[in-house]
1. For region 164-260, please list each of the strands (runs of 3 or more DSSP E) lying entirely inside it that holds at least 2 residues being over 28 Å from Glu78 (Cβ atoms) and free of Cβ contacts under 8 Å to residues at least 60 places away in the same chain.
2. Out of the residues in region 108-132 that are buried (at least 21 other Cβ atoms within 10 Å of the Cβ) and part of a helix (DSSP H, G or I), which is nearest to the chain's Cα centre (by Cα)?
3. From (1) within 24 Å of Leu34 (Cβ to Cβ); (2) buried (at least 17 other Cβ atoms within 10 Å of the Cβ), pick out the condition that doesn't hold for Arg77.
4. Considering only region 238-248, state which residues are more than 12 Å from Leu208 (Cβ to Cβ) and touching a helix residue (DSSP H, G or I) at 6+ places or on another chain (Cβ under 7 Å).
5. Restricting attention to region 83-100, does a residue exist that is in contact (Cβ under 8 Å) with a residue 24 or more places away in the chain, surrounded by 14 or more Cβ atoms within 10 Å (Cβ to Cβ), in contact with a Pro (Cβ under 9 Å, 6 or more places away or on another chain) and on the phi > 0 side of the Ramachandran plot?
6. Taking region 257-268 as the region of interest, how many residues are out of contact with any Pro (no Cβ under 9 Å at 6 or more places or on another chain) and surrounded by fewer than 16 Cβ atoms within 10 Å (Cβ to Cβ)?
7. Residues of region 72-98 being within 21 Å of Arg53 (Cα to Cα) and outside any helix (DSSP H, G or I), which ones?
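Derivation of every value follows stated rules applied to the coordinates shown; laboratory data play no part. Worth saying up front: this structure is predicted, and the values here are computed from it rather than measured. In this analysis, Cβ positions are derived from the backbone assuming ideal geometry, glycine residues included, and neighbour counts consider all displayed protein chains.
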Amino acid sequence: MSSHDKIPTILARILARKEQEVAERRARVSEAALLERAREQSAPRGFIEALNRTIADGDPAVIAEIKKASPSCGVIREDFQPAEIARAYAEAGASCLSVLTDADFFQGHEDYLIAARDACGLPAIRKDFIVDGYQLSEARAIGADCVLLIVAALDDARMQDLHRQANELDMDVLVEVHDAHELERALALDLSLVGINNRDLHSFETSLETTFQLLSRVPQDVTVVTESGINTRGDVEHMREYNVNGFLVGEAFMREEDPGAALRRLFF
């Protein structure tokens, strides 16, 4: 783990709690039992493949997020039905789903991912704070097709280890960066998918310039997803002018009565 004095306060709190949570979960369910459940799952739906297929067709590839709450906003959506939301996203043209499973800070749950994935044919990423290989076994056991690794939350050795373990479980990995230094660290991995988060972890301000500034450093064969701050069709068009065609959007849709219609308005 990176030293906590370098990690923004809220992230440090989440990570400290996550280490405790993993220990508690491991005491209840062994990793061997999780791996047995993982083996019983059907093969993962190709997450990166779904994004790249959409991009190759000339369309924006949207990872549509299913999120009930956040630490900064509290409850975002009271009427929270993951299966209904997933179906609406799929019908509106989303390529993939992102489902929050962190309970303490985002009011998420593994069951939300299971319900969302069962409701449609889209691949799903387990959106959580992965700090331990146990969580990867858990992710595959609940059917996740992809997992998130946040560079700011991990030291290089652990990040490489988790990336390798995820691939061994046949899951794709979205590696999230916030700045040039994190991108440099991410590119030491044999990665296929990078998420550039436009939100500053310290100030919580968003700037699309983050994506534009980092884009030229990303190899051509790595798929780029821009995250946070995509609020208007103008934002989408601006990104696509720079050949950024992967988008992760959640909160904007969650605040709308019909998340699928909101997705369609923004992208299609």
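1. In region 164-260, the matching strands (runs of 3 or more DSSP E) lie at 172-177, 193-197, 223-227.
2. Residue satisfying both the conditions and the ranking: Leu113.
3. Unmet condition: (1).
4. Within region 238-248, Asn245, Gly246 qualify.
5. yes
6. So the count comes out to 4.
7. Here is the first cut: in region 72-98, the residues within 21 Å of Arg53 (Cα to Cα) are 86-98.
Across region 72-98, the qualifying residues are Gly93, Ala94, Ser95, Cys96, Leu97, Ser98.
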